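Please treat every number below as a calculation from the coordinates, not as lab data. Predicted model only: the values in this text are computed from it and were never measured. Methodologically, a virtual Cβ is constructed for each residue, glycine included, from the backbone with ideal geometry; neighbour enumeration extends over all protein chains shown.
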Amino acid sequence: MNDDRGLVYVVLEHFTRHLHPRVLEMQKALDGGACLSDSDVAHVKEVIEDMRFLRPLIARHPDHQPLAAAVMSLYTDIARRAWENETSARGRP
């Protein structure tokens, strides 16, 4: 196995400093019934796509798989809740 320590560090650091704070802000907005901005929607799509790109790295590091699964679940939940809020805002069941 190649040495992925640097890449793992960068990914974890990016999540900690940038992605996690933003997803917490989105959760708070969604909890209040808000809809996501176009920028937030693009961010969610980008993170989900990045997770697909990172699959080989995650597969090589099973110790990080639970965290990766939790991040993917978090963003999937954000997307679902955003859809629900958007649907409610438009008056559809």
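Things to note:
- Kirkwood-based shape ratio for the chain, expressed as Rg/Rh from alpha carbons: 1.05
- Crossing angle, helix 20-31 versus the chain [Cα axis fit, 0-90 degrees, rounded to tens]: 20 degrees
- Rounded to the nearest 10 degrees, the inclination of helix 38-53 to the longest alpha-carbon principal axis of the chain is 30 degrees.
- Cα-based helix-to-principal-axis angle, 5-14 vs the chain, degrees rounded to 10: 20 degrees
- The calculated 222 nm mean residue ellipticity attributable to helices in the chain amounts to -24000 deg cm²/dmol, summing -39500 (n - 2.57) over DSSP H runs of n ≥ 4 and dividing by all residues.
- Efficiency of FRET between Val41 and Ala69 - r from beta-carbon atoms, R0 25 angstrom, step 0.05: 0.65
- Once the mean of 1/r is taken over each pair of separate Cα atoms and inverted, segment 43-93 shows a Kirkwood hydrodynamic radius of 12.2 Å.
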